[in-house]
1. Quick one: is N136 among the polar types (S, T, N, Q) and either surrounded by fewer than 20 Cβ atoms within 10 Å (Cβ to Cβ) or at pLDDT 95 or above (or both)?
2. Would you point out which residue out of H88, H45, H39 is surrounded by 15 or more Cβ atoms within 10 Å (Cβ to Cβ), modelled with pLDDT of 75 or more and more than 28 Å from N105 (Cβ to Cβ)?
3. Does D141 satisfy being assigned to a strand (DSSP E or B), of a type in the set (D, E, K, R) and either surrounded by fewer than 21 Cβ atoms within 10 Å (Cβ to Cβ) or not assigned by TED's automatic domain parsing to the domain that holds L57 (or both)?
4. Can you tell me how many residues within region 377-400 are surrounded by fewer than 18 Cβ atoms within 10 Å (Cβ to Cβ), over 23 Å from A466 (Cβ atoms) and not aromatic (F, W, Y)?
5. Within region 9-24, can one find any residue that is modelled with pLDDT of 85 or more and either surrounded by 15 or more Cβ atoms within 10 Å (Cβ to Cβ) or more than 24 Å from G144 (Cβ to Cβ) (or both)?
6. May I ask you to say which residue of L167, L160 is assigned by TED's automatic domain parsing to the domain that holds D24, modelled with pLDDT of 90 or more and over 24 Å from Q83 (Cβ atoms)?
7. For residues in region 253-294 being among the aliphatic types (A, V, I, L, M) and surrounded by fewer than 14 Cβ atoms within 10 Å (Cβ to Cβ), which is farthest from P311 (Cα to Cα)?
8. Could you figure out which of (1) at pLDDT 95 or above; (2) of a type outside the set (S, T, Y); (3) under 21 Å from V374 (Cα atoms) isn't true of V440?
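The values are calculated or read from the model by the stated rules, or taken from the named source; none is laboratory data. Note that this is a predicted model, so its numbers are computed, not measured. Note: ideal-geometry Cβ built from the backbone for every residue, glycine included; neighbour counts use all protein chains shown.
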Amino acid sequence: MKKILLHTLAICLIFSSANAQSSDRKLAIGLNGGLSDYHGELNQHWFNFDKAFRGQLGLSGSYYLNSWFNLGLDATVGHIGHQNPSGHFRAKMGQGNLNLRFKFNNGKWLKEDSKFQPYIFIGTGALHMLADSNLNVPGTDWTGNAGLGFNIMLNEKISLNYNLNYLMTNHDKRDNISNGKNDQFMIHTIGLVFTLGKMKDEDGDLVPDKLDKCLGTPTGRKVNLLGCDVDTDNDGIPDFEDACPNVAGTAATKGCLDSDNDEIIDSEDACPTVFGVASAKGCPDADGDGVTDAVDACPEVKGTIAMKGCPDSDGDGITDADDACPTIKGTMVMNGCPDSDGDGIADNMDKCPTVKGVAANNGCPEIKAETQKVFDQALKGVQFETSKAVIKPVSFKILDNVAKIMSDNPEYKLDINGHTDSQGDDAKNMTLSQERAASVKAYLASKGINTSRMESYGFGETQAKATNDTVAGRAENRRVEFKVRF
């Protein structure tokens, strides 16, 4: 039995898929042979290889009901028997049963035409025994049947079948012993099943619909074994549509030769052996910029004809590879970068890109020496009342000079930064520095300087210029700084 199962699995791997019973081929018949396996008072073990198995021959029939169920009919004739020290019997046996078969190749779990087609079944039937000697009780019993099996399709019409049929009789006397437990049998068979009937061929091309990959082919058109139009040169284009039916071509060229597969037929291709594009008359243009690779200075990067195929992203006439600012339109003089204020310093290096300046001041306007002198004087010259933000009158002259500078230079914007020493509470020092810077801003505003040109900030004791451990150092740290921006 084990050898039979192993051989069956091997066959399962060898044979390819074929058509099974179906709605247009509903009937199948089979021939089989196998062994009977008795289970009763004389033998309490199934698959006992030490006992005598008896041969069986049989016929089977199967009718397709739907994709899930077949109606089955099985009949076998042969011998049954057993012998051991406690008793023995031997008989000729014939049995038949009608069953309902549930198929696993139902289109949901396995394809209907799967090469491997397992099933289970349940049914009822009759069993008749004839005495082979005086060692059994002959007669007829009704049986209940259940079992399993599988088909392995060998080709379109023939399959290899294994079937296990379990039978329980309605009596307990055929083995010469009766103790109230009904006799049981198993019949194992292997055989061939033949599927009958003619498969549908709606388009009349002599290829069954189940095998026809091109249903509805017009009558009279030549077809192949799959029911599809003949393609003499095997280029995927049927002869009736192929402009060159004897030479393999492509669909894009209506079946004519295209050696480099660029969809441009060789007779019209300037580079017939090298893949190209239509825009370059069949020659290669890897970056698709309309400049053929042979004359493209940058064949792998999309560019422009004017730049000989190289890119110029900002359109300033300088290729990206030579452009210091490839995404911003610039000038040749600035290596492709813009100079918005025209001061000869490129915007990307110019601290004041919208105001004309000098290189010495990183592109910002030059601060005049006399202006810087006034701001330096303000560092020590702007004084306040002790612990207050009230400006002392002694500071007014210096602040008036600052106001004049701002008035004379309308492009200036001014940051006013207040600082304190470390004496006293940190938070109070921060507030005091902010208030003093705001007082200076208010004073300059009173002299006609627009507040939109000024910003005041307080930094408390956080940006000391000198040590806070000496009187002189603390005096230097108490200051107001003016910084010009543009």
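1. no
2. Sole residue among the options that is surrounded by 15 or more Cβ atoms within 10 Å (Cβ to Cβ), modelled with pLDDT of 75 or more and more than 28 Å from N105 (Cβ to Cβ): H39.
3. yes
4. 4
5. No, there is no match, as no residue in region 9-24 is modelled with pLDDT of 85 or more and either surrounded by 15 or more Cβ atoms within 10 Å (Cβ to Cβ) or more than 24 Å from G144 (Cβ to Cβ) (or both).
6. Values: L167 fails: over 24 Å from Q83 (Cβ atoms).
The unique qualifying residue is L160.
7. Here the residue is A270.
8. (1)
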